[in-house]
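K.L.:
Below are the structure tokens for one structure; questions will follow.
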Amino acid sequence: MARYLVQIIIVGAQVVGRAFARAVRQEMAASKAAAEARGQAGRHPAATNINGMSLQEARQILNVTKLNTKEIQQNYEHLFKVNDKSVGGSFYLQSKVVRAKERLDEELKIEEMDQARKEQTKQPET
């Protein structure tokens, strides 16, 4: 009787161990896929790591579809004033607006550098 009980416990432990190992492998694969998707969503993951905000999130916060300096600045100023604590706004939302502008400014700077590199490579050296 004790022998059967030990065998049942061993088989049960093996089943649970295999299921746990399979779940860990699936979670690692899902995590890897999510990391790759985040890397593709924001073209420059380094900029995302600087302030912790993706390009998509920054665009949503400032309500811009294209990286247009004038539109970004206009929306930033409006949202910053509206969320000012002295007029009953939220400091948290105001800080999100600031971070979103910083992220978009960083993206604009990266695009300008990429553009300058492209122009440099197009110009024939004389």
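K.L.:
For K81, all conditions in the list (1) over 18 Å from V64 (Cα atoms); (2) more than 24 Å from the chain's Cα centre (by Cα); (3) modelled with pLDDT of 90 or more hold save one; what is the number of the exception?
P.N.:
(1)
K.L.:
Still on this structure: Taking region 77-109 on its own, how many of its residues are under 29 Å from A35 (Cα atoms) and either among the small types (G, A, S) or in contact with a Leu (Cβ under 7 Å, 6 or more places away or on another chain) (or both)?
P.N.:
Going through region 77-109 one residue at a time, the tally reaches 8.
K.L.:
For region 11-27, name all the residues that are open to solvent by less than 90 Å² (accessible area, probe 1.4 Å) and of a type in the set (V, I, T).
P.N.:
If the condition is that a residue be open to solvent by less than 90 Å² (accessible area, probe 1.4 Å) and of a type in the set (V, I, T), then V11, V15, V24 are the ones that fit.
K.L.:
Here is a further query. Count, please, the residues in region 72-98 that happen to be of a type outside the set (F, W, Y), open to solvent by less than 60 Å² (accessible area, probe 1.4 Å) and part of a helix (DSSP H, G or I).
P.N.:
Final tally of qualifying residues: 8.
K.L.:
Between a first residue in region 99-126 that is at pLDDT 85 or above and a second residue that is of a type in the set (F, W, Y), which pairs have beta carbons less than 7 Å apart while being 6 or more apart in sequence or on different chains?
P.N.:
K101/Y76
K.L.:
So, one more: When you look at Q73, is it of a type in the set (S, T, N, Q) and either more than 30 Å from E112 (Cβ to Cβ) or at pLDDT below 90 (or both), yes or no?
P.N.:
For Q73, the condition - of a type in the set (S, T, N, Q) and either more than 30 Å from E112 (Cβ to Cβ) or at pLDDT below 90 (or both) - is not met.
K.L.:
Can you name the condition, by its number, that T65 falls short on among (1) open to solvent by 70 Å² or more (accessible area, probe 1.4 Å); (2) part of a helix (DSSP H, G or I); (3) at pLDDT 85 or above?
P.N.:
For T65, the failing item is (2).
The values are calculated or read from the model by the stated rules, or taken from the named source; none is laboratory data. This is a predicted model, so every value here is computed, not measured. Using ideal geometry, Cβ is built from the backbone for each residue, glycine included, and neighbour counts are taken over all protein chains shown. These accessible areas exclude ligands, DNA and RNA; they are computed on the full protein's heavy atoms, side chains included. Shrake-Rupley method; radii C 1.70, N 1.55, O 1.52, S 1.80 Å.
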